[in-house]
Amino acid sequence: MKKGTLKQILLITDGCSNKGEDPSAVAALASQQGITVNVIGILEDDQSEDPTGLQEVEDIAMSGGGVSQIVFKQALSQTVQTVTKQAMTQTLQGVVNQELKQILGPKESLEELPPEQRGEVMEVVEDLGETCDLEVLVLVDTSASMHNKLPTVQESLIDLSVSMNARIGRNRFAIYSFPGKKKDIDKVFDWSPRLESISSVFPKLTSGGITPTGPALKEAMYQFGKKSLKRSFLRRDESNIEEAGY
Amino acid sequence: MNPTSKKQGINVRPGDVINGKWHHNRYVILKQLGQGAIGSVYLCESNGKKAALKISDKGSSVTMEVNVLKTFKKVQGNRLGPSLLDVDDWIDPRGRTYSFYVMEYLKGEELSTFVRRHGQEWLGILMLQLLEDLSNLHKQGWVFGDLKTDNLIVTHAPRRLKWIDVGGTTQIGRSIKEYTEFFDRGYWQMGSRKAEPSYDLFSLAMVMLHFYHPKRFERGSSPEKTLMRKLRNTAPLKPYESCIYKALTGKYMSSDQMRQDLSMILMQRKDTNTSQNTARRPNVQTSRTVRGNTPKPNTNSKKQPRQEHPTLESLAIIVVVFLFYFLYLILG
């Protein structure tokens, strides 16, 4: 089986979209293109209950084939990783499930196997999760209400990179923020294997209550096909051949 | 409804019965033992025997944990952790499927409670036991990963440290599956999250620190400095300082190295223990010299005449011998 690259969009937001197309629809489209959409909703520290607006978080992830979680600021670091890893396993499990169906017939899936055999299949899934390449585009909501959360977001993204780079497979990360100054999204950090070097702080926050989550997701989707990405992967390939020399 | 709680929404209450879909075993739930990122653990009863049952709606995660428990079985019986008894699925009355596994119920005290009750000297000894187990695990190609105080219990007979949650156990060379920030060297920016023996040793050192800082502490802007300052300022850990320092900075390549250092410290500690308690000075050596020289003239004055005795005694013996010899000569 050829090991492909897993593509994910990680949306970090604290509110409801209010402009442009329905983010769930865009997420469904992304999912069709092989891009998983994960969503993390951040709560205010003093919020005791989930505001109704955050229901959208779950909806987007559901139609994007991804994972969603709603957390307080303090738990963000750990959540970012859990969500990313869970979504990887979920995607890979989907792939393995399809293979299983081809071998064992349309009715068979991982859940239909007895526990003993399931263990062996999960080992394969785990192997794939460890060795596959991963591209994560992080899309951060930088509307005014996110102001005091952005330092934590930045920290948790560095942490994500530490975790993912402990894997055997290769990683690429990019960070975009929305709403952008002129466009739907602004580039904060271009595709790179590591995030430890994020020195640029998130751009100045946009005041006003616009949260165009849908258009931002759509724009983010296009970033996966960009030339710069292919080129940088080629470069990485060359260097990897050297490394493989020992 | 709360989406986070919805995800772990397994509503199992004491008295409920869980029937296995595949192996048809019957488990009666007695009480909840704990709740983690992946599912909940319950005390249950089956055929009159108590066992721990972990149930989750995340089937894949359960399967992964079961895989780890199975490898433990291969490694060396059930010394390393609870042994695996059963793996199965359960379909609840509403038709939803959950995965669960049943393991041996280990009855014991939490590490911190145990040490507080039985004395601090246990901390080092239990860590020594832990290092032995870790060494075995590492030799089999695995790293424990999520090593933290909560995951360690002390069983009563024999008094032995055992680990209970194996969810973080990872093959060496891969990325750590599960961890807790405070015990994670990645969080402290002291190394990667790659599964290697030194990763576990860092966590073990943090377990020792955590015992004296049960509320944990923040890493601050320069994590390494914070950590070192805490280590230096924790007086009871002074004897272990060099050992903990080496573990935190990744100087130990294997748990055996650390075990050697730690057992040396523990063997040495016995005689310095009393002086430490009275002086409570971090530096053991100075307190020892101070005690030797000045403060207790009483014991000194008692000792010194005794030390002079031997010469007097031998003189007396010689005199007596001569006296007898003299008498012998006269009488003879």
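The values are calculated or read from the model by the stated rules, or taken from the named source; none is laboratory data. Because the structure is predicted, anything quoted here is derived from the model rather than measured. Here the Cβ is made from the backbone with ideal geometry for all residues, glycine too, and neighbour counts use every protein chain on show.
Of the residues B:Ser222, B:Ser192, B:Ser203, the single one that is away from chain A (no Cβ under 11 Å), surrounded by fewer than 23 Cβ atoms within 10 Å (Cβ to Cβ) and small (Gly, Ala, Ser) is B:Ser222. Is it the case, given these coordinates, that B:Gln76 is away from every other protein chain (no Cβ under 14 Å) and modelled with pLDDT under 90? Yes; evaluated as a whole, the condition is true for this residue. Remark: pairs (first residue in segment B:99-124, aromatic (Phe, Trp, Tyr); second residue assigned to a helix (DSSP H, G or I); Cβ separation under 6 Å; 6+ apart in sequence or on different chains) = B:Tyr101/B:Val66; B:Trp122/B:Val115. I'd like to know if segment A:52-60 contains one or more residues that are closer than 26 Å to A:Phe224 by Cα and crowded, with 22+ Cβ neighbours inside 10 Å. Checked segment A:52-60: at least one residue is closer than 26 Å to A:Phe224 by Cα and crowded, with 22+ Cβ neighbours inside 10 Å.
B:Phe211 meets each of the listed conditions (1) more than 14 Å from chain A (Cβ to nearest Cβ); (2) among the aromatic types (Phe, Trp, Tyr); (3) part of a loop (DSSP other than H, G, I, E, B) apart from (3). Only strands (runs of 3 or more DSSP E) whose full extent lies in segment A:4-118 are considered here, and the ones with at least 3 residues that are within 11 Å of chain B (Cβ to nearest Cβ) and hydrophobic (A, V, I, L, M, F, W, C) are A:65-72. The condition (being more than 30 Å from B:Asn19 (Cα to Cα) and in contact with a Pro (Cβ under 7 Å, 6 or more places away or on another chain)) is satisfied by just one residue among B:Gln140, B:Gln120, B:Gln129: B:Gln120. Screening segment A:129-152 for residues that are within 12 Å of chain B (Cβ to nearest Cβ) and out of contact with any Ser or Thr (no Cβ under 9 Å at 6 or more places or on another chain) and picking the one that is nearest to A:Ile40 (Cα to Cα) gives A:Pro151.
Scanning segment A:10-25 finds no residues that are at pLDDT 90 or above and over 22 Å from A:Ser177 (Cα atoms). Residues of segment A:85-121 that are out of contact with any Gly (no Cβ under 9 Å at 6 or more places or on another chain), under 22 Å from A:Asn38 (Cβ atoms) and hydrophobic (A, V, I, L, M, F, W, C): A:Val96 alone.
The requirement of being of a type in the set (A, V, I, L, M), surrounded by fewer than 18 Cβ atoms within 10 Å (Cβ to Cβ), at pLDDT below 95 and not in a helix (DSSP H, G or I) is fulfilled somewhere in segment B:153-161, by at least one residue.
Count of segment B:147-173 residues, restricted to those that are of a type in the set (Lys, Arg) and closer than 26 Å to B:Leu227 by Cα, is 1.
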